[in-house]
1. Give me the Debye-computed log₁₀ of I(q)/I(0) at q = 0.17, 0.25 Å⁻¹ for the range 326-402, equal point scatterers on Cα only, no solvent, two decimals.
2. Return the sequence-ordered ³J(HN,Hα) values of the range 373-384 in whole Hz as given by the Karplus equation 6.51 cos²θ - 1.76 cosθ + 1.60 applied to θ = phi - 60°, using x for Gly and Pro.
3. Report, in whole Å, the centroid distance computed from the Cα atoms of the range 341-398 and the range 217-272.
4. In the structure shown, do any of Lys318/Lys394; Lys200/Lys292; Lys285/Lys388; Lys252/Lys292 have a Cα-Cα gap over 28 Å, and if so which?
5. Mind listing the phi-derived Karplus ³J(HN,Hα) values for the range 243-250, rounded to whole Hz, using 6.51, -1.76 and 1.60 with θ = phi - 60°, and x for any glycine or proline?
6. Taking neighbour Cβ counts within 10 Å as the exposure measure, how do His232, His387 sort from fewest upward?
7. For the peptides 186-196, 250-260, 271-281, what is the packing order when you average, over each peptide's residues, the other Cβ atoms within 10 Å and list the highest mean first?
8. Within 10 Å of each candidate Cβ there may be at most 16 other Cβ atoms; applying that plus a DSSP loop requirement, which chymotrypsin sites (Phe, Trp or Tyr not before Pro) in the range 336-384 survive?
Amino acid sequence: MENNIGTIVRKIRNDKKISAKQLAYLSNYSSSYICDIEKKRKVGTIETYINLFEALGFDYKRFIADNEKILGNVNDIVKKILFMELSSLENKIRNIELIQLIYKHTLYDDEIVILKMILKYINGIKVNDEELKEAFYLLNSIENVNLVSLFQLYYFDYINESNLYPIELENKLLMMTKKAISKSIQGMIYYKLAEILEKKKIYSAALEYSNLSKKIFVEEINMNRLYVTELHTGNIYVRINDIDKAVKIFLKLINDRKVQIIKPIYSSAINNLIWTYFIYEEYIKTIEYINKYRSMVVINNQYFMLLWSYLQLEETEKCYKVIQEIVKCKIIVSERLDILVNIIQNIKDENLELKINNYFNNLIEKDDVHSKVIGLRIIVFYYESLHKYKNALKYSKILNSF
């Protein structure tokens, strides 16, 4: 990296000659900027690691108390502790490169700032604009391409939208693949490209990059990332209406014993399969797989998919039973009342409609407060959706008395 600001500054500091090109590059930066870079560019001390510990939720005060007599070796001690902490998070972040970066390399202060941002992202901690600006400010001084690549991957949405990095994202990511030392990071970059292109509805290119990333993860035996990429590929096939290929991918993942022990991926594969069948109106298959897997994983919107599927298949008695199940689920009724009422409005069977209305009216008469409130909320929402506001107001007044 001939034109890296940190490299140029260190050459000047060590009285080494710099080229005219480097001098021109250097002239674009103010002296205060250069001094600031040099001030930050030092091997991490105990204080500089505190931010990392905070980002990990680690008790750094205890660490300082335990190690205050051996601060000379603090870099190695901190790295070992961070390695252990990150190892415990490995299933969550699936990022062995980050662990290797910490454990195998000397960490400088500016690298620690970037690493802190990555750790915050991993742990779902909100990052403010000032922190991001500082991180972007330091990127030019960092020679560790893998660390820079990881930062850019985690914050690619921000990079794409901000004025701090006004570069077209696909080109930036492709450039990063050429520089990335780790094959796994190359695979991650291709995966992000596939995500971006899918959002832009450029599905053929999205599939191309998705397949490139899969190839790398197979070579690297990085199975977790391979499974995630397979899920993404299946979703792309759903979008281009190739349901057979999508279903084949999801079923392959579901039946893989190695996937079955990775609950988030296993659950996603099941949910994606069921949702695919549902949106393509394969109602018998939808019901079959919901009933098969509902005891094993949480299936999103399972009751509503079941209700709608039974409704389309005209299995009225089963519709009624599902509605009873829905009412028992307090959270579902509270959050998805609109879906329930919309489905009920699509009922064409007069006998079933009457039975359901009687059921909700009976709820109001029960001594159980929860049943009363649920029944009243559904009736109010139902009348509002039919624009029968007098009826809605009548039951709303009763509801407000609780």
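1. Log10 I(q)/I(0), no solvent term: -0.63, -1.37.
2. Per-residue couplings from phi come out as 4, 4, x, 5, 4, 5, 5, 4, 4, 4, 5, 4 Hz.
3. For the range 341-398 versus the range 217-272, the Cα centre distance is 41 Å.
4. Lys318/Lys394; Lys200/Lys292; Lys285/Lys388
5. So the Karplus estimates, Gly and Pro as x, are 5, 4, 5, 4, 4, 4, 5, 5 Hz.
6. His387, His232
7. 186-196, 271-281, 250-260
8. Passing both the DSSP loop test and the Cβ count: no residue.
Only the coordinates and a few stated rules stand behind these numbers; no lab work does. All of these numbers come straight from a predicted model, not from anything done at the bench. With ideal geometry, Cβ positions are generated from the backbone for all residues, glycine too; neighbour counts draw on all protein chains shown.
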